[in-house]
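Everything below concerns the one structure shown next.
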Amino acid sequence: MAGRVLELRVHGVSNTPPDQVLGLDPQPGDDGPRPWLVAGDEVTGFYRSTDVGPDDSVVVEAYSWGQLTSGARTARDVERALWTLLLPFTLANVALHARPGIPPDPDEERWGSRSGITAWLVRLFCLSLTGTLVLAATDPANPYGAALPWPERAVDSGDGAAPASGHRAGRKAGALVVLVGGDLVLYVERGGRTILSFADAPDALAAAGRALADAVRTGALGAISVERADGEAVSASPLRDALTAAGFRATPRGLRLRG
């Protein structure tokens, strides 16, 4: 039927049953309209009322997705729940097709019209959303742990014997690296409480300390309080001199620098 309208209703986090979303009130044993699964399955599906006729100008459907997050009992349930991470992308795609003023034939839409300009803006938003996810996942500013392996650390144990293993660097949220001349010198964990060094040359450590201090002073980083370096108290580490020269101040717990 030409001009038929589909009204799609989606429940919220309370997982409202399809019959209530459709405004039905079926009673056991009666012949009243009931929700009818027209697509999908019991986990995620589209429902219509059984009294919908082929000539109805407006068709109401309910989309039920509550079983995706109804409780993780198996690995399959966890996998289904992870699909909710795609919700921002789903809404962005829905926004493209929910613009007002779209002509019946999309090929007739003029890109200079209001709906056409809106379409370009939605596509630009979708592109930025995808780019943000890719950048967050790959972190191209730090190639270590992804494109490049983490360099070996040789931390002197103090007696010239075997190097201490200590903490390990990793691609973690909030962590950062300091490069000097393209070489990794410092790995700073989130908040700056722990620092790992990948160089022992005083000049390299001093340059890395200055770069870290400059990032704090310019506002690129918040205040940093360093408590441990290379698995020991920072006060007993060779990094102490480099950080102190860069402006860090001694505290009962270690070294601190405010912006």
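Quick grid of which residues meet (1) surrounded by fewer than 20 Cβ atoms within 10 Å (Cβ to Cβ); (2) modelled with pLDDT of 90 or more; (3) charged (D, E, K, R):
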{"site": "Arg168", "(1), (2), (3)": "yes, no, yes"}
{"site": "Ala175", "(1), (2), (3)": "yes, no, no"}
{"site": "Gly191", "(1), (2), (3)": "yes, no, no"}
{"site": "Ile195", "(1), (2), (3)": "no, yes, no"}
Could you look through region 112-149, keep only residues that are within 23 Å of Arg99 (Cβ to Cβ) and of a type in the set (Gly, Ala, Ser), and pick out the one that is modelled with the highest pLDDT?
Ser128
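Filter region 90-131 down to residues that are in a helix (DSSP H, G or I) and among the basic types (Lys, Arg), then give me how many there are.
So the count comes out to 2.
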Residues (over 35 Å from the mean Cα position of the chain (by Cα) and closer than 22 Å to Asp200 by Cα) located in region 250-259
Ala250
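The values are calculated or read from the model by the stated rules, or taken from the named source; none is laboratory data. Values in this document were obtained by computation on a predicted structure and should not be read as measured data. Neighbour counts run over all protein chains shown; Cβ positions are idealised from the backbone, glycine included.
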